[in-house]
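The next block holds one structure in the form of structure tokens; read it before the comments.
Bear in mind that the values in this text are calculations on the coordinates, not laboratory data. Predicted, not measured: the structure shown is a model, and the values here were computed from it. All Cβ positions, glycine included, derive from the backbone under ideal geometry; neighbour counts span all protein chains shown.
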Amino acid sequence: MTVLLGSNIARAAAPAAPTTLAAAATQRPSEGSVHSWDLSTGVDGPGTRFVTFLSGCPLTCLYCHNPDTWKMRNGKRTSADDVIAEAAKYRKFIAASGGGATVSGGEPLLQPVFAGELLHRMKHELGLHTALDTSGFLGVRATDALLRDVDLVLLDIKSWDRETYKKVTGRPLRPTLDFAQRLADLGKEVHLRFVLVPGLTDAPENIEGVAAFAGSLGNVSRVDVLPFHKLGEGKWQALEMNFTLHDTPSPTAEQVAAARAIFAAQGLTAI
């Protein structure tokens, strides 16, 4: 008969080692700062999707409709288990709609371990199509392991002109372009998003620059030309922040159509 000493008994009774990537990295249940979650049908990926909005963003976009997500401390500390349990309630409905799960923000790559945990479990535990919604500015934080759990990247390129990009976001463009090229090298499907702001991003040469770059990548399956709107202005006011685009109009239907035509001329499907 084999007799286990006390220390061996303790080891034998210990729970199994973490199996997910985030748990393996932290050796504890994964938690993150979450702003909210919602069911969405629209620009968060194909079909009906369970979208988790993480808190914290390094960009300060002039037209951001959720400036309340900029600071990580303003989110609620939440476990990955709680997010997965909530998503699981809608799994059958989401799957039937051809949808999936999207990790958004804020900027999810500000919390790469937590974002990776959610993507991994949404894909492998719930069997859902996964999307990462990102500006690409922190793309270097996305490990290859994280990206293997991503079926689709929703990537914002907010301007081709470097000065305009810096004015819009407060950050340089180069990291986003580098991340876009990396995604192309990995063969990762991308939906590109471009916000059309009259007097700011609507110059034809600016749009042509984004379109030519996107067309050169070979992995951009769709471009969403998003008309600027001021629906988030109330949040700016509530946070006592100056919304500098207060007097900027939304683009006309003709302006949106012209922008889409520029992307289409590069062989891209523009919506």
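Taking DSSP loops as anything outside H, G, I, E and B, show the longest stretch in the chain free of trypsin sites (Lys or Arg not before Pro) there with at most 16 other beta carbons within 10 Å.
90-229
If contacts are Cα pairs under 8 angstrom and at least 6 residues apart, what is the relative contact order of the chain in percent?
With pairs under 8 Å counted, the relative contact order is 16 percent.
For the range 74-191, max minus min Cα coordinate along each principal axis, in Å, sorted largest first?
Answer, in whole Å and largest first: 45, 35, 25 Å.
If each DSSP helix of 4+ residues adds -39,500 (n - 2.57) and the sum is divided by the residues in the chain, what number results at 222 nm, nearest 500 deg cm²/dmol?
-10500 deg cm²/dmol
Express as a percent, rounded to the nearest 5, the fraction of DSSP beta bridges in the chain (both residues included) that run antiparallel.
Approximately 30 percent, going by the DSSP bridge assignments.
State the Kirkwood hydrodynamic radius of the range 133-246 in Å, one decimal place, computed from all pairs of distinct Cα atoms.
Kirkwood hydrodynamic radius for the range 133-246: 15.1 Å.
Treating only the Cα positions of the range 30-127 as identical point scatterers, give the base-10 log of I(q)/I(0) from the Debye formula at each q in 0.11, 0.15 Å⁻¹.
-0.30, -0.55
Pick out, in residue order, every one of the GluC sites (Glu not before Pro) in the range 62-141 that is DSSP loop and has at most 14 other C-beta atoms within 10 Å; say none if there are none.
Sparse-neighbourhood loop GluC sites (Glu not before Pro): Glu125.
Among the listed pairs Lys167/Lys188; Lys167/Lys235; Lys71/Lys235; Lys92/Lys230, give every one whose C-alpha distance is greater than 24 Å.
Those over the limit are Lys167/Lys188; Lys92/Lys230.
Computed on alpha carbon atoms, what radius of gyration and Dmax characterise the chain, expressed in Å?
Both quantities, over Cα of the chain: 20.7, 84 Å.
Through the Karplus equation 6.51 cos²θ - 1.76 cosθ + 1.60, θ set to phi - 60°, convert the phi angles of the range 223-239 into ³J(HN,Hα) values in whole Hz; use x for Gly and Pro.
My calculation for the range 223-239 gives 10, 9, 8, 9, x, 4, 9, 10, 5, x, 4, x, 5, 4, 5, 5, 8 Hz in order.
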